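The values are calculated or read from the model by the stated rules, or taken from the named source; none is laboratory data. The shown structure was predicted, so the numbers you read here are calculated from the model rather than taken from an experiment. Every residue, glycine among them, receives a Cβ derived from its backbone with ideal geometry; neighbour counts consider all protein chains shown.
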Amino acid sequence: MKILHTADWHLGQLFHEYDRGWEHQQFLDWLIQTLKTEQIDVLLISGDVFDLSNPSASTIRMFYTFLNKATKANSALQVLITAGNHDSPSRLESPQPLLESTNIHIVGLIEKDADGSINYDKLVFPLKNKNGDVKAWCLTVPFLRMGDYPVMSDCDNPYGEGVAELYKGTYAHALKYKKPGQSIIAMGHLHTQQAEVTDMDKSERLIMGGVECIAASAFHPDLLYVALGHIHKAQRIGGNEHIRYCGSPLPMSFSEYNYKHQVIVFDLEDEKIVSLSAIEVPVSVSLLRVPSVHSKLVEVLDALEQIDADTDNPNSVAPYLEVRVLSDGPEPALRYKIETALAGKHVKLAKIDLRYAEAPAIEQGIESIKLDRLNELRPLDVFTKVYQSRYNTAVPEDLFQLFNQITQEANQAS
């Protein structure tokens, strides 16, 4: 039985305000072809199908069109989908009644009985070979929100231990069905300990409320494979070949500039994993950084002038551009200067990453002001400290006078 693991599609995402519908469609078309070429029996999608909990109609249509084409190309293909933190659990699994006659299984919500016990049957799903024989069981665990996992008292990390307890209970439930020769694998959408994260992943952690990461020991050692989503960089966890993030198929930010985006493919044979490998996803729109390191504006503008014009290759797809500027202070009309230099260039200006020369330690600036002294400071004093902390230079005289004038006018108006 051959399985493909993917996650974190984020359909509907805008990349610095640019629509990515074409890019996502390129990936989905590639995935359909890969499912066929690799003769995949089971497709695992471990969360964050959509970028928003309320995706647009066109984005939803894109997703279900993919499912339709993928299952038409291979009527025996089994598709298991779990919700991520970006997905609406109820919205994602709402079509499930219509899909019961298909091999598509979607889990968004953790259901509980009247007494509050978890309905583990919903989380344990059989995987069948082409002959219809059960060869494995999959723990289809979605992103776990507060109230989804068992309540753990008298512990240092109720979230982490609660998640571990849910996986423990789901695995124990799967053992009730497992027969000799059958395997057990798992899905998850969570942040594990030791995971290497990007800037985008760090913002995801804020969405989760900064809860503790999950230890690799939360997954039973007899699980043959753990198909994870949530972290956008493909990686193994805790030195384990079988606990993996496949990563996102498209770059989610410029922090993923050098990533190789991929899906994971492996075979299950005789309760063992064989032929585990990564298949790189083709890049449809590349990322470009100019210059390669943050530089003075005059050097940046010169580098931008060297970018090819539209006429050089009109049929190619323009890359997303990040412009990297190093400055000693404010740069008036910075965007205008950059856009002027880019006129006629074959790029999509996505981001201007402006950094300032080494600033003094913040604790020597505004953070050194004790709370009980704030009422002793004039607005001009605060402005001066903030400016010096950010730009590592004294406030220019003309700006100093303008701020002073505005402060006086505000005091007179009040």
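Out of everything in the stretch 65-75 that is surrounded by 13 or more Cβ atoms within 10 Å (Cβ to Cβ) and more than 16 Å from F27 (Cβ to Cβ), what residue ends up being farthest from the chain's Cα centre (by Cα)?
N74
Which residues, taken from the stretch 124-138, are touching a residue at least 60 places away in the same chain (Cβ under 8 Å) and either assigned to a strand (DSSP E or B) or among the β-branched types (V, I, T) (or both)?
L127, K135, A136, C138
Anything in the stretch 160-170 that is closer than 13 Å to I118 by Cα and in contact (Cβ under 8 Å) with a residue 40 or more places away in the chain? List them, or say none.
V163, L166, Y167, K168, G169, T170
Restricting attention to the stretch 1-37, which residues are within 26 Å of I243 (Cβ to Cβ), part of a strand (DSSP E or B) and among the hydroxyl-bearing types (S, T, Y)?
T6
Residues D156, D121: which one is without any contact (Cβ under 8 Å) to a residue 12 or more places away in the chain and among the acidic types (D, E)?
From the options D156, D121, the qualifying one is D156.
Return yes or no: is V323 in the same structural domain as H189 (by TED's automatic domain parsing), crowded, with 16+ Cβ neighbours inside 10 Å and among the aliphatic types (A, V, I, L, M)?
No, not satisfied.
Would you call S56 in the same structural domain as Q193 (by TED's automatic domain parsing), among the hydroxyl-bearing types (S, T, Y), surrounded by fewer than 21 Cβ atoms within 10 Å (Cβ to Cβ) and under 22 Å from A174 (Cβ atoms)?
no
Taking the residues in the stretch 38-65 that are assigned to a helix (DSSP H, G or I) and of a type in the set (S, T, Y) as candidates, determine which candidate is farthest from D267 (Cα to Cα).
Once the filter is applied, the top-ranked residue is S58.
Determine if the stretch 89-98 includes at least one residue that is more than 26 Å from the chain's Cα centre (by Cα), free of Cβ contacts under 8 Å to residues at least 40 places away in the same chain, more than 28 Å from M252 (Cβ to Cβ) and surrounded by fewer than 20 Cβ atoms within 10 Å (Cβ to Cβ).
Yes, the stretch 89-98 has at least one match.
Select, from L276, L287, the only residue that is buried (at least 18 other Cβ atoms within 10 Å of the Cβ) and at pLDDT 95 or above.
Selected residue: L287, the only one of L276, L287 that is buried (at least 18 other Cβ atoms within 10 Å of the Cβ) and at pLDDT 95 or above.
Of these, G108, G132, which one is of a type in the set (G, A, S) and at pLDDT 95 or above?
Of G108, G132, the one residue that is of a type in the set (G, A, S) and at pLDDT 95 or above is G108.
Given (1) among the aliphatic types (A, V, I, L, M); (2) farther than 29 Å from L399 by Cα; (3) buried (at least 17 other Cβ atoms within 10 Å of the Cβ), identify the lone condition not met by V293.
Result: V293 passes all but (3).
Please state which of the following conditions L80 fails to meet, knowing it meets all the rest: (1) under 22 Å from G188 (Cα atoms); (2) among the aliphatic types (A, V, I, L, M); (3) over 17 Å from the mean Cα position of the chain (by Cα); (4) not in a strand (DSSP E or B).
Among (1) under 22 Å from G188 (Cα atoms); (2) among the aliphatic types (A, V, I, L, M); (3) over 17 Å from the mean Cα position of the chain (by Cα); (4) not in a strand (DSSP E or B), L80 violates only (4).
Of the numbered conditions (1) buried (at least 16 other Cβ atoms within 10 Å of the Cβ); (2) farther than 27 Å from I273 by Cα; (3) touching a helix residue (DSSP H, G or I) at 6+ places or on another chain (Cβ under 7 Å), L139 satisfies every one except a single condition; which is it?
Single failed check for L139: (2).
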